[in-house]
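Down below is the structure, laid out as structure tokens.
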Amino acid sequence: MIKHIVMFKFREQAEGRTAVENAQIAAEMLSALQGVVPTLKASRVSLNSEKATPANYELVLETEFDDMEGLAAYAVHPEHVKVGTFIRSVMVSRACVDYEF
């Protein structure tokens, strides 16, 4: 199994919305991929706590795949590509790790 963890930091303002608002939109879009992308076995999307420092990343995505081929198929799935297009338009940075477990 492969665990794919991605954190996103959003621009303070982008497309007329705050970082928190764009993170919420991204979270909804990412959550909607479960059951749509066949190779996506499990996913969890979490937002930074309102009580935490705003210097933190706003969103973390944790996903699971059977293998790296499944992750590669997810990366190019049309619905995932749509989400990625939105996120890239409003993010500042991204951090990612993929590991076997």
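For segment 36-53, which positions are open to solvent by 80 Å² or more (accessible area, probe 1.4 Å) and either assigned to a loop (DSSP other than H, G, I, E, B) or out of contact with any Asp or Glu (no Cβ under 7 Å at 6 or more places or on another chain) (or both)?
Hits for segment 36-53 are PRO38, LYS41, GLU50, LYS51.
How many residues are surrounded by 15 or more Cβ atoms within 10 Å (Cβ to Cβ), in contact with a Leu (Cβ under 8 Å, 6 or more places away or on another chain), within 21 Å of GLU100 (Cα to Cα) and not hydrophobic (A, V, I, L, M, F, W, C) if we restrict to segment 1-35?
Of the residues in that region, 1 qualify.
Pairs needed: first member in segment 79-91, farther than 14 Å from GLN24 by Cβ; second member anywhere, part of a helix (DSSP H, G or I); C-beta distance under 8 Å; at least 6 residues apart or different chains.
Listed pairs, sorted by first residue: HIS80/TYR74; LYS82/MET29.
Would you please name the residue that is farthest from VAL60 (Cα to Cα), looking only at residues in segment 2-25 that are out of contact with any strand residue (DSSP E or B) (no Cβ under 6 Å at 6 or more places or on another chain) and in contact (Cβ under 8 Å) with a residue 40 or more places away in the chain?
The residue in question is GLU15.
Confirm whether GLU69 is of a type in the set (Asp, Glu) and under 27 Å from ARG11 (Cβ atoms).
Spelling it out, it is not the case that GLU69 is of a type in the set (Asp, Glu) and under 27 Å from ARG11 (Cβ atoms).
Among the residues of segment 42-57, which ones are of a type outside the set (A, V, I, L, M) and closer than 10 Å to ALA27 by Cα?
ARG44, SER46
Run LEU61 past the list (1) open to solvent by less than 60 Å² (accessible area, probe 1.4 Å); (2) touching an Asp or Glu at 6+ places or on another chain (Cβ under 9 Å); (3) in contact (Cβ under 8 Å) with a residue 40 or more places away in the chain; (4) of a type outside the set (S, T, N, Q) and report the number of the one that doesn't hold.
(2)
Hey, can you tell me all the residues within segment 83-98 that are over 20 Å from GLY70 (Cβ atoms), not β-branched (Val, Ile, Thr) and not in a strand (DSSP E or B)?
Answer for segment 83-98, where residues must be over 20 Å from GLY70 (Cβ atoms), not β-branched (Val, Ile, Thr) and not in a strand (DSSP E or B): PHE86, ARG88, SER89.
The values are calculated or read from the model by the stated rules, or taken from the named source; none is laboratory data. This is a predicted model, so every value here is computed, not measured. Cβ sites come from the backbone with ideal geometry, for glycine too, and all protein chains shown count toward neighbours. The accessibility values were calculated without ligands, DNA or RNA, using every heavy atom of the protein model including side chains. Shrake-Rupley method; radii C 1.70, N 1.55, O 1.52, S 1.80 Å.
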